[in-house]
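The values are calculated or read from the model by the stated rules, or taken from the named source; none is laboratory data. Predicted model only: the values in this text are computed from it and were never measured. Cβ: placed from backbone, ideal geometry, glycine included. Neighbour counts: every protein chain shown.
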Amino acid sequence: MGIRFDIITLFPEAFAAITQCGVTRRAHEHGLYTLNFWNPRDFTDDPHRTVDDRPYGGGPGMVMKAEPLARAVEAAKAEQPQASVVCLTPQGEKLTQRRVVDLSKREGLILLSGRYEGVDERLLEAVVDEELSIGDYILSGGELPAMVVIDSMIRQLPGALGNEDSAQQDSFTNNILDCPHYTRPEVWRGKRVPEVLLSGDHQAIAKWREKEAEDRTANRRPDLFKSES
């Protein structure tokens, strides 16, 4: 059946980027995962289908109301009771490749995508099991972070990639950046492909790639070496 994602969102149409493009489209067609959407507006009681209100204490913007979100989460939980509820928020644990690999071993997730100034804190305390962040910056909502989580997890699923070695060679696997890559032609605007890659010596190529990856990590992201310890 594949992994199941239940997504709490006001904008389910945004996730067409996942189901209609590239690797994630093919994985969806092959049944490696399913997406199910729960719009909080469908769980409101008023004629205007209100999902937000002004913040107590004043301040700019609006805050998502707890009750519609709670009902949406409960509906998703009824169909996938074993799944953790994950809220995409800047205050969450930063998503790493190691975390992605761990998440991809689960049968499913319920992803809560907030909007506006945020979500009523009582909702987070009541129904959310985990909080994840994709980086230290602000977005308009949780849909893009949810798609990042989904895309990164799908790449780990057997059969998702054309070459199963691809996931093992990606950047951040084993806390290291990927090595440089080249393709035809051998000379492009006066720049040649490194000779070792044309040698046919697979052992030498493997050593070159390993060294380049380590050098690139040391120069550009030395923090990755520190996080390994």
### Summary
The number of residues in the range 81-96 that are surrounded by fewer than 18 Cβ atoms within 10 Å (Cβ to Cβ) and within 30 Å of LEU177 (Cβ to Cβ) is 7
### Query
From the list GLY135, GLY141, which residue is surrounded by fewer than 19 Cβ atoms within 10 Å (Cβ to Cβ), touching a Phe, Trp or Tyr at 6+ places or on another chain (Cβ under 9 Å) and either of a type outside the set (A, V, I, L, M, F, W, C) or within 27 Å of LEU177 (Cα to Cα) (or both)?
GLY141
### Message
Suppose we keep only residues that are among the charged types (D, E, K, R) and within 15 Å of the chain's Cα centre (by Cα) within the range 2-24. Which one would you say is surrounded by the most Cβ atoms within 10 Å (Cβ to Cβ)?
### Response
ASP6
#### Entry: Residue that is modelled with the highest pLDDT, among those in the range 186-229 that are hydroxyl-bearing (Ser, Thr, Tyr) and under 16 Å from ASN174 (Cα atoms)
THR217
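Here's the yes/no breakdown for (1) buried (at least 20 other Cβ atoms within 10 Å of the Cβ); (2) within 16 Å of GLU143 (Cα to Cα); (3) free of Cβ contacts under 8 Å to residues at least 12 places away in the same chain; (4) outside the structural domain of PHE15 (by TED's automatic domain parsing):
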position: TYR56; (1), (2), (3), (4): no, no, yes, no
position: MET62; (1), (2), (3), (4): no, no, no, no
position: ALA76; (1), (2), (3), (4): yes, no, no, no
position: GLU79; (1), (2), (3), (4): no, no, no, no
position: ARG99; (1), (2), (3), (4): no, no, no, no
position: ASP102; (1), (2), (3), (4): no, no, yes, no
### Message
Just the residues that are among the aliphatic types (A, V, I, L, M) and within 13 Å of GLY118 (Cα to Cα), please, taken from the range 51-106.
### Response
VAL51, MET62, VAL63, MET64, ALA66, LEU69, LEU88
### Task
Could you list, in sequence order, all residues of the range 171-200 that are closer than 16 Å to ARG216 by Cα and small (Gly, Ala, Ser)?
SER171
